[in-house]
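Structure record follows, encoded as structure tokens.
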Amino acid sequence: MRHWYRMAAGAVGLAAVLGAAPAQAADDGPIAITIVREGDPGADIREGDLVDYAITLENTGEAALEGLQVSHLLPAGFALRDAQPSPDRLNGAVGWTVSLGPGERIAIADSVEAGTGDQIEQGQLVVVEQPDRSAASGDGTGFTTTVCVAAADGGEILGCASDQAALLDPEPATGPAWWWWAAAAVAAAALAAGGVLLGRRIRKTRTRNA
């Protein structure tokens, strides 16, 4: 079973639906593209978490590719927090302009802050078809980030690659455990008892000295 997931689109204006898979590599065109979510692949992702991505681009052809338009499309509600190198456009997608000689390879890293499940679901443009994660994850909202590379004129899409994950609901706020309150009550009672005894001793001392 497959689900449609919406994400905010930007610079490249995707017109086709893309098949997505975790850490997918697109290497069947003039350029090889990979996007990998860094860190522990089994770690939970929750609202407000920083998610780091490593993107690689390689010119697999024999001709130089000048002025390529690279776009990292983020789910609605996700926000860029850092990128190396710095992007040159942020109109709905994180974007870079790069050139690659034959066989040349470059690396891009960016860090984004996760939004909410509601923001993901309310995205404006359907661009990615991916397997239904609900049976595997059990909860949360599936999300996909996609990197696409377009020719210098911004027209022809030379390749795309995607990564998918699940955004879990925020952990419920919990107060101190019952034993913490019990320990605090015992400590308060001990302090009160100590204060009473100290007060009695002070009064006795004053009476003797009078």
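Only residues that are in contact with a strand residue (DSSP E or B) (Cβ under 8 Å, 6 or more places away or on another chain), assigned to a loop (DSSP other than H, G, I, E, B) and either surrounded by 19 or more Cβ atoms within 10 Å (Cβ to Cβ) or not assigned by TED's automatic domain parsing to the domain that holds I157 (or both): list them for region 63-86, please.
Listed by number, the residues that qualify are L74, P75, A76, F78.
Among the residues of region 79-102, what is the count of those that are out of contact with any Ser or Thr (no Cβ under 8 Å at 6 or more places or on another chain) and over 16 Å from A150 (Cβ atoms)?
7
Being at pLDDT 90 or above and within 24 Å of E121 (Cβ to Cβ) narrows it down to one of E58, E62, E66, E47, so name that one.
Of the residues listed, the single one that is at pLDDT 90 or above and within 24 Å of E121 (Cβ to Cβ) is E47.
Quick check on A109: is it modelled with pLDDT of 95 or more, over 20 Å from A32 (Cα atoms) and not acidic (D, E)?
Judged against the criteria, A109 is not a match.
The values are calculated or read from the model by the stated rules, or taken from the named source; none is laboratory data. Here the structure is a predicted model, which means the values were calculated and not measured. All Cβ positions, even for glycine, are placed from backbone atoms using ideal geometry, and neighbour counts span all protein chains on display.
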